[in-house]
Amino acid sequence: VTGFNLSGNELVVLSACETGLGDIEAGEGVYGLRRAFVLAGARTQLISLWKVPDEQTKDLMVAYYQRLRDGKGRGEALRKAHLEMLQDEATAHPYYWAPFIQSGERLSVY
């Protein structure tokens, strides 16, 4: 991934399980997909920190992309998707929505 030229790329969504995790290297920091996409030039990454069932992941991603399509910024779109899941009794537990975080720029409109 680090060999890709993603300069100017506004958003990379890595919705698979644990895409925000990486290996810690002494003196080097954390190596993982997030860092690789940053080095390649992607401005924002949406990543997950733990395993979430496919159905709830799909629900969050649909809500997120709907907000982006409606003109919300990346950070606001994720916040609204989180809140939507929080208001649903079936997905209110943070297990379902909290692992999805944004890294990088948060205010720009996609």
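The values are calculated or read from the model by the stated rules, or taken from the named source; none is laboratory data. Treat the numbers as computed from the prediction; the structure is a model and nothing was measured. Here Cβ is always computed from backbone atoms with ideal geometry, including for glycine, and neighbour counts include all displayed protein chains. The protein model used for the area step is the full one, side chains on, heavy atoms only, and it has no ligands, DNA or RNA in it. Shrake-Rupley method; radii C 1.70, N 1.55, O 1.52, S 1.80 Å.
Structure summary
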read-out	value
Residue within segment 83-100 that is β-branched (Val, Ile, Thr) and over 17 Å from Leu14 (Cβ atoms) present	yes
Meets criteria (surrounded by 18 or more Cβ atoms within 10 Å (Cβ to Cβ), in a loop (DSSP other than H, G, I, E, B) and at pLDDT below 90) for Thr2	no
Among the candidates Ala90, Ala63, residue that is among the aliphatic types (A, V, I, L, M), part of a helix (DSSP H, G or I) and over 22 Å from Val38 (Cα atoms)	Ala63
Flag if Ala63 is within 19 Å of Gly104 (Cα to Cα), of a type in the set (A, V, I, L, M, F, W, C) and modelled with pLDDT of 95 or more	no
Extreme residue, modelled with the highest pLDDT, among residues of segment 19-36 that are under 23 Å from Gly73 (Cβ atoms) and open to solvent by less than 30 Å² (accessible area, probe 1.4 Å)	Thr19
Leading residue by the ranking (farthest from the chain's Cα centre (by Cα)) among those in segment 93-110 that are surrounded by 14 or more Cβ atoms within 10 Å (Cβ to Cβ) and assigned to a helix (DSSP H, G or I)	Tyr96
Near pairs, Cβ below 9 angstrom, 6+ apart or cross-chain, from segment 68-80 (touching a residue at least 12 places away in the same chain (Cβ under 8 Å) and part of a helix (DSSP H, G or I)) to any residue that is open to solvent by less than 10 Å² (accessible area, probe 1.4 Å) and among the small types (Gly, Ala, Ser)	Leu68/Ala77; Ala77/Ala63; Lys80/Ala63
Check on Ser15, modelled with pLDDT of 90 or more, hydroxyl-bearing (Ser, Thr, Tyr) and either within 16 Å of the chain's Cα centre (by Cα) or open to solvent by 30 Å² or more (accessible area, probe 1.4 Å) (or both)	no
Lone unmet requirement of (1) closer than 12 Å to Ile101 by Cβ; (2) without any contact (Cβ under 8 Å) to a residue 60 or more places away in the chain; (3) open to solvent by 60 Å² or more (accessible area, probe 1.4 Å) for Leu39	(1)
Test: residue in segment 42-54 that is surrounded by 14 or more Cβ atoms within 10 Å (Cβ to Cβ), assigned to a helix (DSSP H, G or I), touching a residue at least 24 places away in the same chain (Cβ under 8 Å) and within 16 Å of the chain's Cα centre (by Cα)	no
